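For reference, the structure discussed in these notes is given below.
The values are calculated or read from the model by the stated rules, or taken from the named source; none is laboratory data. Note that the structure is predicted; figures quoted are calculated from it, not measured. Methodologically, a virtual Cβ is constructed for each residue, glycine included, from the backbone with ideal geometry; neighbour enumeration extends over all protein chains shown.
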Amino acid sequence: MNKYAPHLYVIPEDDANRQVADGFTLHHHVKHTRMQVMPPAGGWSEVLKTFKDVYIQKLREYPLAHVVLLIDFDGSFEQRRSDFQSQIPVDIQQRVFVVGSQDTPEAMKRQLKRSFEEIGKALADDCDADTATLWGHQQLSHNDPDRHGMAQAIKPFLF
């Protein structure tokens, strides 16, 4: 990534989330060179550990960088969100977004009858068009606060 240009790092919890993020990058309007999907962290707690060990410093060194922590909330949205928010330093909070499925991406895939990549592309469609067609689904609607902040922060350089 070019430290002098705005960019986005995505830290996915697992391979299913990685596939959703990869689908997002495949959207025809996404500037994929401004977005880097990292290897799966191996669990939500590992996403948090990786963020704390690597990305807090990276965000401080690169003021144009943003991070999406892509996790499964496993039916515990309030608790998990609180766990993450308490670990995000105030000086970088506006550039860190915690999003993911209410349960798991696998549950979302079954409900939507779409592949993970198709889900990612549809989420990018919503971002590009300023709609919430898929983001409004019961597996994703809890992301609204981060989705709005994320759209304001990353849409200008990602689409």
> Within segment 89-137, restricting attention to residues that are among the hydroxyl-bearing types (Ser, Thr, Tyr) and in contact with a strand residue (DSSP E or B) (Cβ under 9 Å, 6 or more places away or on another chain), which residue is surrounded by the most Cβ atoms within 10 Å (Cβ to Cβ)?
Replying inline: SER101
>> Just to be sure I understand the filter: pairs with C-beta atoms under 8 Å, separated by 6 or more residues or on different chains, first member in segment 44-65 and without any contact (Cβ under 8 Å) to a residue 60 or more places away in the chain and farther than 18 Å from ARG81 by Cβ, second member of a type in the set (Gly, Ala, Ser) and surrounded by 14 or more Cβ atoms within 10 Å (Cβ to Cβ). Which pairs pass?
In response: LYS58/ALA65; LEU59/ALA65
> Within segment 58-92, how many residues are more than 14 Å from the chain's Cα centre (by Cα), closer than 24 Å to ALA5 by Cβ and not acidic (Asp, Glu)?
Replying inline: 9
> Within segment 89-110, can one find any residue that is in contact with a His (Cβ under 7 Å, 6 or more places away or on another chain) and closer than 26 Å to LEU134 by Cα?
Replying inline: yes
>> Please count how many residues of segment 10-36 are touching a Pro at 6+ places or on another chain (Cβ under 6 Å) and in a strand (DSSP E or B).
In response: 1
> If you scan segment 16-63, which residues turn out to be surrounded by fewer than 15 Cβ atoms within 10 Å (Cβ to Cβ) and among the aliphatic types (A, V, I, L, M)?
Replying inline: LEU26, VAL54
> Can you tell me which residue in segment 138-159 is nearest to the chain's Cα centre (by Cα), limited to those that are assigned to a loop (DSSP other than H, G, I, E, B) and either β-branched (Val, Ile, Thr) or crowded, with 17+ Cβ neighbours inside 10 Å (or both)?
Replying inline: LEU140
> Which residues, taken from segment 79-115, are under 30 Å from ARG60 (Cβ atoms) and hydroxyl-bearing (Ser, Thr, Tyr)?
Replying inline: SER82, SER86, SER101
> Which pairs have Cβ atoms under 6 Å, sit 6 or more apart or on different chains, and link a residue in segment 1-25 that is of a type in the set (Phe, Trp, Tyr) to one that is at pLDDT 95 or above?
Replying inline: TYR9/GLN36; TYR9/VAL67; PHE24/GLY120; PHE24/LEU123; PHE24/ALA124
